[in-house]
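*Asks:* Just dropping this structure here.
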Amino acid sequence: MKKHILVLLFASITILLAAQPMPNCYRLYLSDKNNNSYSVNNPSAFLSERALAKRARFNIIITEQDLPVTPLYKQQIRNVNASIRLLAESKWMNTVTIYCPDSTRLPQILALPFVDSILPVASYDTTMMSAPLGPEIEIPQQASIVSNHDSVIPYNYGDGYQQIAIHNGHLLHNEGFRGDGMLIAVFDAGWNGVNEISVFSPLFDDGKLLGTRDLIPFRNNVFNGHSHGTLVTSTMCMMQEGELVGTAPEASYFFIRSEEPVSEQLIEEDFWAYAAEIADSIGADVINSSLGYCGFPDFPQGNFVYKQVDGVYSIASRAATILGQKGVVVCVSAGNEGSGEWYYIGHPADAFDILSVAAVGVDSAIAGFSSRGPSYDGRIKPDIASVGVNTACVYPYYDEAYWYYYGEANGTSLAGPVAAGLCACLWQALPAATSQQIMQFVRESGSCANNPNNEIGYGIPDFYAAYTHHTSTPSRNHFALEVFPNPCTSQLTITNGKLNIRAVQLFASNGIMIQQHHDFNSWQITIPMHNLNPGLYIGKVILQNGETQYFKVIKN
């Protein structure tokens, strides 16, 4: 069977590449994860403490799918020839993506007993490949997120007001939910000047940029190479009152470059899948990807047709689906092909269990360029819409040093992060909800949720309505829980006049449980708070009938 696959591979290369670039990068599909030095019994070797806390909090089981690709297999692939380099990998798909400039080595690779098949994915300039790779991935054991929650004073949003107010996001902010304690991973092509421009300094001064990762093999600094990520991130993180306030100004961020700025090749879907797994491993709550693929002009043999916009064909789309199922709110821009020949969404906007985001103006009118649905298999796509016409953002420019100006930009690339930031704020407000529930709450709050369409999906979400609706349902407050004093200093009293309290758990804002009190059978209990650092905490109360309720408390 393998020999047959190899014949087909070389036949396709011979036919396709007569007038096309010769591949030198390949995706290897592996058969198993045998002989693996990693184990599901020791997940801290490949998942951060924050990620593990989230898995425990939402009962997300760690399986073999989560195990990294077998290290021994990667070494055996490298051993075939010294020129082979590993560029990306996917534990969820069990693939390895390699640079192999000598195609005569492919039969040796395919002959390895654990290699099932090989797919060409890119043709890279060999001079680029001589540049050093970025550092190997390092999973932080504790993604430190500092809570700065204090008294709530309404923002002066400046130019950002309309793109937030269309979602009633300012009302959510006024309740104190501004992204504090949430981690947003941003996938993009580069963040020119973010490390030098003064208006981004709060990311560094307040410890809100938790890390960066450059996946592109001939680049190793996400702050050079492209400005797209700078514009995108500014719509979320900016905190310049009177000028521009973003949708999640108190959130923490992690930047991952998965996009090669100067070419479009199939390998970028491999990098996207790799980025998704990194986001999962660090315990990200929300990801924004203002990236999408509907063709690869620099590697035409990787092109696909609308029939393959089904959420399954693309490795990036499959990774997005899995990411959304592992406790991450996934926001993906729908694409800008609505007025072009392609017209439809692409990959990974076609994924299941994510939010693909269309672009509208502040007048709620669909942008002509916004890619349309449905997915080929008939699902409503895009899922929601946000402001992607004349969206206020920060532009970097270089004149001996990086500087900036406030401007406007068009594209679903801007609509996606506006929505992603508010998703982080909503999840902060509803910490008991799962990622899937948060995404569904957002859909249900849409302006046309009762009659979704293939232009703006479920419509323009009302994030404040999503919050108020899901904090006032009988299932959550039927048994009146009271928590006082709030804010508190030394101790906290919890009462329930309907049912006795059985147990209480207290979580830090990053989801890690820090206190547990059980074996109660009383309508009123008191727990100590004097040893805790100031900040926001989430409490979980288990009542006599087994019902679970949650509360938020601020420790002074």
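The values are calculated or read from the model by the stated rules, or taken from the named source; none is laboratory data. A quick note: this is a predicted structure, and the numbers were derived from the prediction, not measured. No Cβ is skipped: glycine too gets one built from the backbone with ideal geometry, and neighbour counts run over all protein chains shown. The area values use the complete protein model at the heavy-atom level, side chains included, leaving out ligands, DNA and RNA. Shrake-Rupley method; radii C 1.70, N 1.55, O 1.52, S 1.80 Å.
*Asks:* Under the condition of being buried (at least 21 other Cβ atoms within 10 Å of the Cβ) and touching a Cys at 6+ places or on another chain (Cβ under 7 Å), which residue from segment 83-97 is nearest to residue 317 (Cα to Cα)?
*Replies:* Across segment 83-97, the extreme among qualifying residues is 97.
*Asks:* So how many residues does segment 204-228 have that are within 28 Å of residue 163 (Cα to Cα), touching an Asp or Glu at 6+ places or on another chain (Cβ under 6 Å) and touching a residue at least 60 places away in the same chain (Cβ under 8 Å)?
*Replies:* 1
*Asks:* Is at least one residue of segment 303-313 without any contact (Cβ under 8 Å) to a residue 60 or more places away in the chain and of a type in the set (S, T, N, Q)?
*Replies:* The answer is yes; a qualifying residue exists.
*Asks:* Let me ask another. With (1) at pLDDT below 95; (2) of a type in the set (A, V, I, L, M, F, W, C); (3) within 23 Å of residue 185 (Cα to Cα) as the list, and residue 128 as the residue in question, which single condition is left unmet?
*Replies:* (3)
*Asks:* For segment 325-339, indicate whether the set of residues that are over 19 Å from residue 415 (Cα atoms), touching a Phe, Trp or Tyr at 6+ places or on another chain (Cβ under 6 Å), open to solvent by less than 10 Å² (accessible area, probe 1.4 Å) and at pLDDT 95 or above is non-empty.
*Replies:* yes
*Asks:* Taking into account only those residues within segment 257-277 that are under 16 Å from residue 97 (Cβ atoms) and among the aliphatic types (A, V, I, L, M), which is most open to solvent (accessible area, probe 1.4 Å)?
*Replies:* 266
*Asks:* Here is a follow-up. Within segment 494-515, can you find the residues that are modelled with pLDDT of 75 or more and either loosely packed, with under 15 Cβ neighbours inside 10 Å or within 19 Å of residue 532 (Cβ to Cβ) (or both)?
*Replies:* First, pick out the residues of segment 494-515 that are modelled with pLDDT of 75 or more: 494-496, 500-508, 512-515.
Within segment 494-515, 494, 500, 503, 504, 505, 506, 507, 508, 512, 513, 514, 515 qualify.
*Asks:* Note down all Cβ pairs under 6 Å where the first residue falls in segment 535-550 and is within 18 Å of residue 434 (Cβ to Cβ), the second is at pLDDT 80 or above and outside any strand (DSSP E or B), and they're at least six residues apart or on different chains.
*Replies:* Close Cβ pairs (under 6 Å, with a partner that is at pLDDT 80 or above and outside any strand (DSSP E or B)) amount to 538/431; 550/432.
*Asks:* Tell me yes or no: at least one residue of segment 262-275 is aromatic (Phe, Trp, Tyr), touching a residue at least 60 places away in the same chain (Cβ under 8 Å) and more than 27 Å from residue 179 (Cβ to Cβ). Can you show your working first?
*Replies:* As a first pass, look at segment 262-275 and keep what is aromatic (Phe, Trp, Tyr): 271-272, 274.
Applying the additional criterion that residues be touching a residue at least 60 places away in the same chain (Cβ under 8 Å) yields 271-272, 274.
With more than 27 Å from residue 179 (Cβ to Cβ) added as a condition, the list becomes none.
No, there is no match, as no residue in segment 262-275 is aromatic (Phe, Trp, Tyr), touching a residue at least 60 places away in the same chain (Cβ under 8 Å) and more than 27 Å from residue 179 (Cβ to Cβ).
*Asks:* So, one more: For segment 210-222, enumerate the residues that are open to solvent by less than 30 Å² (accessible area, probe 1.4 Å) and either over 17 Å from residue 267 (Cβ atoms) or of a type in the set (A, V, I, L, M) (or both).
*Replies:* Of everything in segment 210-222, those that are open to solvent by less than 30 Å² (accessible area, probe 1.4 Å) and either over 17 Å from residue 267 (Cβ atoms) or of a type in the set (A, V, I, L, M) (or both) turn out to be 211, 215, 216, 222.
*Asks:* Looking only at segment 57-80, count how many residues are part of a helix (DSSP H, G or I), in contact (Cβ under 8 Å) with a residue 40 or more places away in the chain and surrounded by fewer than 19 Cβ atoms within 10 Å (Cβ to Cβ).
*Replies:* 1
Rundown of residues vs (1) surrounded by 13 or more Cβ atoms within 10 Å (Cβ to Cβ); (2) under 23 Å from residue 58 (Cα atoms); (3) of a type outside the set (Ser, Thr, Tyr), yes/no style:
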residue: 517; (1), (2), (3): yes, yes, yes
residue: 521; (1), (2), (3): no, no, yes
residue: 529; (1), (2), (3): yes, no, yes
residue: 535; (1), (2), (3): yes, yes, yes
residue: 539; (1), (2), (3): yes, yes, yes
residue: 546; (1), (2), (3): no, yes, yes
residue: 549; (1), (2), (3): yes, yes, yes
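*Asks:* From the list 499, 492, pick out the single residue that is in a loop (DSSP other than H, G, I, E, B) and in contact with a strand residue (DSSP E or B) (Cβ under 6 Å, 6 or more places away or on another chain).
*Replies:* Numbers: 492 fails: in a loop (DSSP other than H, G, I, E, B).
Result: 499 is the single residue among 499, 492 that is in a loop (DSSP other than H, G, I, E, B) and in contact with a strand residue (DSSP E or B) (Cβ under 6 Å, 6 or more places away or on another chain).
*Asks:* Do we have residue 491 as farther than 21 Å from residue 470 by Cα, more than 35 Å from the chain's Cα centre (by Cα) and open to solvent by 30 Å² or more (accessible area, probe 1.4 Å) here? Show your work before the answer.
*Replies:* Working: farther than 21 Å from residue 470 by Cα: yes; more than 35 Å from the chain's Cα centre (by Cα): yes; open to solvent by 30 Å² or more (accessible area, probe 1.4 Å): yes.
Judged against the criteria, residue 491 is a match.
*Asks:* Is it the case that some residue within segment 95-109 is among the hydroxyl-bearing types (Ser, Thr, Tyr) and over 30 Å from the mean Cα position of the chain (by Cα)?
*Replies:* Residues of segment 95-109 that are among the hydroxyl-bearing types (Ser, Thr, Tyr), as a first pass: 95, 97, 99, 103-104.
From what is left, the residues that are over 30 Å from the mean Cα position of the chain (by Cα) are 103-104.
The answer is yes, given that some residue of segment 95-109 is among the hydroxyl-bearing types (Ser, Thr, Tyr) and over 30 Å from the mean Cα position of the chain (by Cα).
*Asks:* For segment 330-379: of the residues being among the hydroxyl-bearing types (Ser, Thr, Tyr) and not in a loop (DSSP other than H, G, I, E, B), which is nearest to residue 290 (Cα to Cα)?
*Replies:* In the first step, residues of segment 330-379 are kept if they are among the hydroxyl-bearing types (Ser, Thr, Tyr); the result is 333, 339, 343-344, 356, 364, 370-371, 375-376.
Pick out the ones that are also not in a loop (DSSP other than H, G, I, E, B) and you get 333, 344, 356.
Values: 333: 5, 344: 16, 356: 10 Å.
The qualifying residue nearest to residue 290 (Cα to Cα) is 333.
*Asks:* Sticking with this structure for a sec: Working only within segment 308-325, note down all residues that are assigned to a helix (DSSP H, G or I) and under 22 Å from the mean Cα position of the chain (by Cα).
*Replies:* Matches in segment 308-325: 315, 316, 317, 318, 319, 320, 321, 322, 323, 324, 325.
*Asks:* With respect to residue 34, is the statement that it is exposed (fewer than 14 other Cβ atoms within 10 Å of the Cβ), at positive phi and either out of contact with any Cys (no Cβ under 7 Å at 6 or more places or on another chain) or at pLDDT 95 or above (or both) true? Give the steps one after another, and end with the answer.
*Replies:* On the way: exposed (fewer than 14 other Cβ atoms within 10 Å of the Cβ): yes; at positive phi: no; either out of contact with any Cys (no Cβ under 7 Å at 6 or more places or on another chain) or at pLDDT 95 or above (or both): yes.
Answer is no for this residue.
*Asks:* When segment 156-187 is examined, which residues are found to be closer than 27 Å to residue 364 by Cβ and assigned to a strand (DSSP E or B)?
*Replies:* 158, 184, 186
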